[in-house]
Amino acid sequence: MSSAPSHATGPSGTAHLPVTLPMLLEKQHLGQPLVMVTAYDYPSARAAEAAGVDLVLVGDSGAQTVLGYPSTVAVTTDELLMLARAVRRGLRSPFLVADLAFGSYEESDSQAVATAMRFVKEAGADAVKLERGNATSVARARAIVEAGIPVMGHVGLTPQTATSLGGYRAQGRTADDATRIAREALALQQAGCFSIVFEAIPAEVTEELMPLMQVPIIGIGAGPATDGQVLVFHDLLGIREGQGARFVQRYADIQRDMDHGVAAYASDVRERRYPAPEHTYSIDAEALASFRSELTQLR
Ligand code: KIV
């Protein structure tokens with residue numbers, strides 16, 4: 001990626017090369033779990049960078065986590081591009097994947113390629129991700145790969161079409177549905193996807209599928225058998241109200257800390273505890289006297 005420097009500093013201060021596709025494959029073959037996390041802005045990208053994760057996804061989940069939409073359906077390419085550019089500015093080492101927005105790739109191969117190109121050219125993404133493994137998504141994935149852009153697939157619970165799936169619920173819990181997911185994953189692999197996300201499917205189904213998959217499989221609510229895991233930044237840090245999905249492990253409670261912090265600030269202002277002397281600037285006595293005299297002229 002031309003805008004990325006040739007090296008980056010990792011959590012221990014050591015230099016890390018930008019992560020490439022061969023590096024991801026090497027880790028997969030060595031059995032080293034791949035770590036992916038979502039990011040939507042400069043600070044979340046810096047946190048991902050500091051943690052030394054392998055991949056960062058500018059997920060369309062940003063529609064909900066940072067833009068306040070009720071689902072991922074409404075978010076636009078321009079909105080995701082703005083998030084992706086901010087993430088790019090905060091990242092050096094991790095491989096950057098950008099989600100294609102619902103409605104920005106389904107219409108035709110040329111629409112899909114044009115949208116994917118925007119993420120590469122305008123935001124410096126290394127790859128794009130699209131949802132579903134039906135005939136349309138497989139064709140779009142193939143067209144984007146043929147245009148020279150790596151594509152990550154996404155099967156199981158695909159939030160862009162959650163309405164058709166009956167809501168935000170685990171998929172592949174019947175033999176027929178698990179077989180559908182297997183066919184979709186294989187078709188995406190065959191189309192040239194460099195990696196596929198498995199979301200919210202039974203761990204046993206994932207285990208049965210893994211021997212058929214050559215490309216790195218990144219799981220979210222798909223059990224421990226995958227080559228790697230992804231979580232939404234706001235879910236793992238507790239920057240949200242409510243419980244979240246069953247598969248989310250919380251590592252912090254940032255929403256509570258933010259609520260407490262802003263409430264404490266409001267209370268300090270109202271009670272005149274803030275600002276205190278240490279937060280204020282001063283002027284020397286002579287300058288102040290002179291200023292006062294100037295002011296008398298203005299009255
Ligand atoms: O948008 C997103 O955050 C995702 C992940 C859950 C994989 O697609």
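The values are calculated or read from the model by the stated rules, or taken from the named source; none is laboratory data. Computed from a predicted model, the values in this text were never measured in an experiment. So basically every Cβ, Gly included, is an ideal-geometry build from the backbone, and we count neighbours across all protein chains shown. Each accessible area value is taken on the protein alone, full model and side chains, heavy atoms only, with ligands, DNA and RNA left out. Shrake-Rupley method; radii C 1.70, N 1.55, O 1.52, S 1.80 Å.
Tabulated data for the structure shown
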{"item": "³J(HN,Hα), Karplus 6.51/-1.76/1.60, whole Hz, each residue of the stretch 66-73, x for Gly, Pro", "result": "10, 9, x, 6, x, 8, 8, 5"}
{"item": "Most mobile listed residue (Asp176, Asp41, Asp284) in the chain, GNM with C-alpha springs under 10 Å", "result": "Asp284"}
{"item": "With Cα atoms, 0 to 90° folded angle of helix 21-30 axis to the chain main axis", "result": "70"}
{"item": "Portion, in percent, of the accessible area of the chain that falls on carbon or sulfur, probe 1.4 Å", "result": "54"}
{"item": "Helix axis angle, 175-190 relative to the chain longest principal axis, alpha carbon, degrees", "result": "80"}
{"item": "Backbone HN-Hα couplings from phi across the stretch 245-251 [Karplus 6.51/-1.76/1.60, Hz, Gly and Pro as x]", "result": "6, 3, 7, 7, 9, 8, 10"}
{"item": "C-alpha long axis of helix 254-270 to longest principal axis of the chain, angle in °", "result": "20"}
{"item": "Amide H within-cut-off set for Ile239, under 5 Å, with H built and near neighbours excluded", "result": "Ile254, Gln255"}
{"item": "Placed amide H near His16: partners under 5 Å, 5+ positions off or other chain", "result": "Ala8, Thr9, Gly10"}
{"item": "Surrounding net charge for Asp54, when Lys and Arg each add one and Asp and Glu each subtract one, Cβ distance under 14 Å", "result": "-2"}
{"item": "Share of pairwise Cα separations in the stretch 45-147, more than 24 Å, in percent", "result": "21"}
{"item": "Loop trypsin sites (Lys or Arg not before Pro), the stretch 154-245 (other Cβ atoms within 10 Å of the site Cβ: 15 or fewer; DSSP)", "result": "Arg169, Arg173"}
{"item": "Point-charge dipole on Cβ atoms (K/R +1, D/E -1) for the stretch 235-299, about Cα centre, debye to 20", "result": "260"}
{"item": "DSSP beta bridges in the chain [antiparallel fraction, %, rounded to 5]", "result": "5"}
{"item": "Point-charge dipole on Cβ atoms (K/R +1, D/E -1) for the stretch 59-218, about Cα centre, debye to 20", "result": "400"}
{"item": "Whole-number percent relative contact order across the stretch 115-211, with pairs defined as alpha carbons under 8 Å at least 6 apart", "result": "30"}
{"item": "Relative contact order (percent, whole number), the stretch 187-299, Cα cutoff 8 Å, 6+ residue spacing", "result": "15"}
{"item": "Accessible surface, per residue, of the chain when the full set of protein chains is kept, probe 1.4 Å, Å²", "result": "53"}
{"item": "All-pairs Cα distance distribution in the chain, expressed in whole percent, bin size 5 Å", "result": "1, 5, 11, 14, 16, 15, 11, 7, 4, 3, 3, 3, 2, 2, 1, 1, 0, 0"}
{"item": "Long-range HN-HN contacts of Tyr274 with modeled amide H, under 5 Å", "result": "Val269"}
{"item": "Taking the chain and dividing mean pair separation by its residue count, relative contact order in percent (alpha carbons under 8 Å, at least six apart)", "result": "13"}
